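The values are calculated or read from the model by the stated rules, or taken from the named source; none is laboratory data. In this text the structure is predicted, and so the values were computed from the model without any measurement. Please note: Cβ atoms are built from the backbone with ideal geometry, for glycine as well, and neighbour counts cover all protein chains shown.
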Amino acid sequence: MKKIRSTTIISARRGGKVAIGGDGQVSLGDTVLKSSARKIRELMNGKVLVGFAGATADAFTLLERFEEKLGEYPNNVRRAAIEMAKLWRTDRVLRHLESMMIVVDRDYSLILGGSGDVIESDDDILAIGSGGQFATAAARALMRHTALDAEQIVRESLKIAGEICVYTNDQIIVQTLGE
């Protein structure tokens with residue numbers, strides 16, 4: 001079976017707001033299977049937003065487990081993320097799942113990966129997926145040279161990534177938290 005390539009997820013934080021967005025494309029090899037997939041989810045009654053890239057079934061399994069960790073540590077996203085990363089790395093089944101997540105709340109923006117990674121950004125920008133590097137470059141330029149807010153930066157970065165990355169399209173969903 002061919003490797004599924006899909007998505008660009010990016011998050012930016014500016015002016016008391018955090019935004020996370022993703023495109024809608026899911027590809028199998030050189031074929032677009034779906035153009036309107038929704039890759040951003042709300043957890044904890046909308047207090048936490050999660051974007052995922054990678055195998056969809058794997059991502060949903062990881063989202064369920066992360067939601068359980070949020071239940072154990074309801075006011076501490078960072079701790080829930082660390083505990084999730086530990087579980088992901090050590091569980092015999094979970095460690096084989098191929099997906100990554102960006103998790104944001106009012107205070108933290110984190111990337112979670114299967115090798116036990118919990119990464120915070122130095123510049124309030126995080127991106128994963130096929131077009132992640134393109135979206136990151138665009139967001140950094142927009143942060144440095146414009147007064148756009150977090151939502152606008154995410155939206156414009158995804159548009160730029162979609163113009164460069166064949167696994168990213170212009171069906172963009174952006175959600176925000178904050179003021």
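Just to be sure, is Asp117 out of contact with any helix residue (DSSP H, G or I) (no Cβ under 6 Å at 6 or more places or on another chain), surrounded by fewer than 16 Cβ atoms within 10 Å (Cβ to Cβ) and either more than 13 Å from Ser11 (Cβ to Cβ) or at pLDDT below 95 (or both)?
Yes; evaluated as a whole, the condition is true for this residue.
Condition first: among the aliphatic types (A, V, I, L, M) and over 18 Å from Ile119 (Cβ atoms). Can you find one or more residues in segment 71-91 that meet it?
Restricting attention to segment 71-91, the residues satisfying the condition of being among the aliphatic types (A, V, I, L, M) are 77, 80-82, 84-85, 87.
Right, trim to over 18 Å from Ile119 (Cβ atoms) and you get none.
No.
Has segment 86-101 got at least one residue that is part of a helix (DSSP H, G or I), in contact with a strand residue (DSSP E or B) (Cβ under 8 Å, 6 or more places away or on another chain) and over 30 Å from Leu148 (Cα atoms)? Break it down stepwise before answering.
Residues of segment 86-101 part of a helix (DSSP H, G or I): 86-90, 94-96.
Then drop every residue that is not in contact with a strand residue (DSSP E or B) (Cβ under 8 Å, 6 or more places away or on another chain), which leaves 88.
Imposing the further condition that a residue be over 30 Å from Leu148 (Cα atoms) reduces the set to 88.
Within segment 86-101, one or more residues are part of a helix (DSSP H, G or I), in contact with a strand residue (DSSP E or B) (Cβ under 8 Å, 6 or more places away or on another chain) and over 30 Å from Leu148 (Cα atoms).
I'd like to check something: does segment 144-154 contain any residue that is surrounded by 22 or more Cβ atoms within 10 Å (Cβ to Cβ), touching a Gly at 6+ places or on another chain (Cβ under 8 Å) and hydrophobic (A, V, I, L, M, F, W, C)?
Yes.
Any residue at all in segment 11-18 that is surrounded by fewer than 24 Cβ atoms within 10 Å (Cβ to Cβ) and among the hydroxyl-bearing types (Ser, Thr, Tyr)?
No, the conditions are met nowhere in segment 11-18.
Name the pairs whose Cβ atoms lie under 8 Å apart, with the first residue in segment 89-115 and in contact (Cβ under 8 Å) with a residue 60 or more places away in the chain and over 12 Å from Val50 (Cα atoms), the second surrounded by fewer than 21 Cβ atoms within 10 Å (Cβ to Cβ) and among the acidic types (Asp, Glu), and 6 or more positions between them or separate chains?
none
Give Lys47, Lys3, Lys86 a once-over and let me know the one that is more than 13 Å from the chain's Cα centre (by Cα), at pLDDT below 85, of a type in the set (D, E, K, R) and surrounded by fewer than 16 Cβ atoms within 10 Å (Cβ to Cβ).
After applying the criteria, what remains is Lys3.
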